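The values are calculated or read from the model by the stated rules, or taken from the named source; none is laboratory data. Here the structure is a predicted model, which is why all the values come from computation and not from measurement. Cβ: placed from backbone, ideal geometry, glycine included. Neighbour counts: every protein chain shown.
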Amino acid sequence: MSNHSLIWAGVPHNSDGVVFQARIFHGFQRFHVSRRVLEEVFGLERKASDARQLEVFYAVFAEILSHARDKRSIAGSDTVALVPADFPTCDRAAHAVHAGAGARRLQ
C-alpha cells in the first residue's frame, strides 16, 4: 500500500478548482487546487464545467499529489492551497495539448 493516496476529491460550491484529501504518510491532509492552477499549469480551458475540472484533475493527479506532498509532507488540520509556483517543473505545453484533446473528445 502506498503512503500517499487520494481519499476524496470534489469541486467546491464556488466552482473554483478541486479540493481533495490525501493520505500523507500516517495522516490526512486537505489541499485546494484552484481553477487558476488547473488553467495555467494543466491546460484547463476557461469557463470549463465542474465535471471538466475534475476530469483534468484526475488526469494529472499523480503529478499534483507529488507537488502537494512536497509542499506539505506532514499532515495538519488546515487546507493547503496549491498555487502555480508550486509546480515549477511541470511541462505546461504538454498539459495544454493533453487538456485540449480531452475537450475535443467531450464535444
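Looking only at region 53-82, which residues are in a loop (DSSP other than H, G, I, E, B), out of contact with any strand residue (DSSP E or B) (no Cβ under 6 Å at 6 or more places or on another chain) and in contact (Cβ under 8 Å) with a residue 24 or more places away in the chain? Passing the criteria: V60, S73, I74, G76, D78. Here are R30, R23: which of them is in a strand (DSSP E or B) and at pLDDT 95 or above? Just a single option satisfies the conditions, and that option is R30. Can you say whether D50 is among the charged types (D, E, K, R) and without any contact (Cβ under 8 Å) to a residue 24 or more places away in the chain, as far as the supplied structure shows? No. Inside region 22-66, residues that are surrounded by fewer than 17 Cβ atoms within 10 Å (Cβ to Cβ) and either of a type in the set (S, T, Y) or over 19 Å from F87 (Cβ atoms) (or both) make up a count of 10. The residue that is nearest to H26 (Cα to Cα), counting only those in region 50-107 that are β-branched (V, I, T) and modelled with pLDDT under 90, is I74.
What about G17, is it surrounded by fewer than 16 Cβ atoms within 10 Å (Cβ to Cβ) and under 11 Å from the mean Cα position of the chain (by Cα)? Reasoning before the result, please.
Numbers: surrounded by fewer than 16 Cβ atoms within 10 Å (Cβ to Cβ): no; under 11 Å from the mean Cα position of the chain (by Cα): yes.
Judged against the criteria, G17 is not a match.
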